[in-house]
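Chemist: Sharing a structure, written as structure tokens. Questions coming.
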Amino acid sequence: MNSKADLLKELRIDRKPEPPPSRRGLWIGLGIAAAVVLLAALVWLWLGASRPIPVRTAPVAASGGAGAAPASVLDASGYVVARRIATVSAKITGRVREVMIEEGMAVEDNQILATLDPIDADAERELAASRVSAARSQVSGVQARLEQAQSEARRLETLVGQQLVSRSQYDQAVAQRDALRSELETARRNAQVAGDQLSLADIGVDNTVVRAPFAGVITAKAAQPGEIVSPLSAGGGFTRTGIGTIVDMDSLEIEVDVGEAYIGRVQPRMPVQATLNAYPDWKIPAEVIAIVPTADRGKATVKVRIALKVKDPRIVPDMGVSVSFLEQATEAEAAEDAPRILRVPAAALVQRDGRTVAFAVAGDRVEQRVVQAAGSGDPREVRSGLAAGEDVVLDPPDALSDGSAIVRE
């Protein structure tokens, strides 16, 4: 019986609560997860800080004086023209062998633009070189004969003094010596003429190469390989008169026609604001160069030349342009050292930590500047924190901070 009771006790289910699990493994797992999250955050922040932020920029504009902008006294329209433009041609008539230019290509001074077939010029040079060789050989021959005649004359002079030869033989030797001297002088002059002819032949060979007369941009290509070009018109034939047209972009200026009734408002060195028809939002500073002292009887206008103070590849010849002649500053205003007003687009100013800031571009990074802005509207006046000519970021993103790397869009 006891054995059965013992067996039943062994089969009984133990209802006692299990001991609580150890918390050590749980804390280790949580620590590893936190470390992974922290490492991922650091990597994300590092990558975000090193990746350049794309931004748009605009320059800080400056205007002189504390007053309003000068008023326009006269508006006119005209065109952009080049004061230095040339249709380049060959000096001689010949067949084009190679053309090395295309429209829009920038060329340097004396750069080769095209070459002509040099067969005739090379042949003339070879002939001139042969004449030089022949003339120099003739000089050498006459020189040798002259030396012999001089020796003979000296020998006969001695014999005449000893009365061993007749006086007539000596006189004949002297005459022959003098004749050879004259012949040598003639041969030397012939050699010099042959050398000059060789120099002309070299120029003829050089004339088969067409070079740029000055640095500029090719605006037209007029000839193709195989065509005949000539510096003179062929009178209705198919002969080209030019290789191409080159324009000095540094010589661009504006020409406008001003009505006779208003020309009195224009003065030399008068400030001008120009606006290209192709870029109506771009105001270009300019200045009156001269008033051409002649009038157009048919249009009752006077031509005015205006210098552009900005060189930009967007300005090309024959562009339409509108100009505004501005009031000139008075002598008192010119003498006064008025501070310059700085203006920036309103989109460049943001609030950070309760302060108005702008981000100035410094190379491939930005500098956060605290600025003092005045007024309202667009653009905004800035009294401190920025300098004229600096570029500022437009619509700075929230991720942008002092020292952030940027890339301009």
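Chemist: Among the residues that make up segment 264-277, is at least one of them closer than 30 Å to Ile101 by Cα and either assigned to a strand (DSSP E or B) or of a type in the set (Asp, Glu) (or both)?
Modeler: Scanning segment 264-277, I find at least one residue that is closer than 30 Å to Ile101 by Cα and either assigned to a strand (DSSP E or B) or of a type in the set (Asp, Glu) (or both), so the answer is yes.
Chemist: Determine which member of the set Glu103, Glu98 is at pLDDT 90 or above and part of a loop (DSSP other than H, G, I, E, B).
Modeler: On inspection, the qualifying residue turns out to be Glu103.
Chemist: Of all residues being in a helix (DSSP H, G or I) and among the charged types (D, E, K, R) in segment 197-223, which is farthest from Glu103 (Cα to Cα)? Just the residue, please.
Modeler: Step by step, filter segment 197-223, then rank; the result is Asp202.
Chemist: Looking at Thr219, Thr301, Thr294, Thr208 in this structure, which one is closer than 30 Å to Val107 by Cα and out of contact with any helix residue (DSSP H, G or I) (no Cβ under 6 Å at 6 or more places or on another chain)?
Modeler: Thr219
Chemist: When the residues of segment 55-71 are narrowed to those that are small (Gly, Ala, Ser), surrounded by 13 or more Cβ atoms within 10 Å (Cβ to Cβ) and in contact with an Asp or Glu (Cβ under 8 Å, 6 or more places away or on another chain), which ends up modelled with the lowest pLDDT?
Modeler: Going through the qualifying residues, I end up with Gly65.
Chemist: Report yes if Val107 is closer than 30 Å to Thr241 by Cβ and either crowded, with 17+ Cβ neighbours inside 10 Å or free of Cβ contacts under 8 Å to residues at least 12 places away in the same chain (or both), otherwise no.
Modeler: yes
Chemist: Please go through segment 67-95 and pick out each residue that is part of a loop (DSSP other than H, G, I, E, B) and over 17 Å from the mean Cα position of the chain (by Cα).
Modeler: Gly67, Ala68, Ala69, Pro70, Ala71, Arg83, Ser89, Ala90, Lys91, Ile92, Thr93
Chemist: Report whether or not Ala135 is small (Gly, Ala, Ser) and either modelled with pLDDT of 85 or more or assigned to a loop (DSSP other than H, G, I, E, B) (or both).
Modeler: Here the answer is yes, as Ala135 does meet what is asked.
Chemist: Does segment 352-409 hold any residues that are outside any strand (DSSP E or B) and of a type in the set (A, V, I, L, M), and which are they?
Modeler: If the condition is that a residue be outside any strand (DSSP E or B) and of a type in the set (A, V, I, L, M), then Val371, Leu386, Ala387, Ala388, Ala399, Leu400 are the ones that fit.
Chemist: Filter segment 340-351 down to residues that are touching a residue at least 60 places away in the same chain (Cβ under 8 Å) and either assigned to a loop (DSSP other than H, G, I, E, B) or farther than 23 Å from Arg408 by Cβ (or both), then give me how many there are.
Modeler: 3
Chemist: Is it true that some residue in segment 110-123 is in contact with a helix residue (DSSP H, G or I) (Cβ under 9 Å, 6 or more places away or on another chain), assigned to a helix (DSSP H, G or I) and not small (Gly, Ala, Ser)?
Modeler: Taking every residue of segment 110-123 in turn, at least one turns out to be in contact with a helix residue (DSSP H, G or I) (Cβ under 9 Å, 6 or more places away or on another chain), assigned to a helix (DSSP H, G or I) and not small (Gly, Ala, Ser).
The values are calculated or read from the model by the stated rules, or taken from the named source; none is laboratory data. It should be emphasised that the depicted structure is a prediction, and the values quoted were computed from it without experimental measurement. Backbone-built Cβ (ideal geometry, glycine too); neighbour counts: all protein chains shown.
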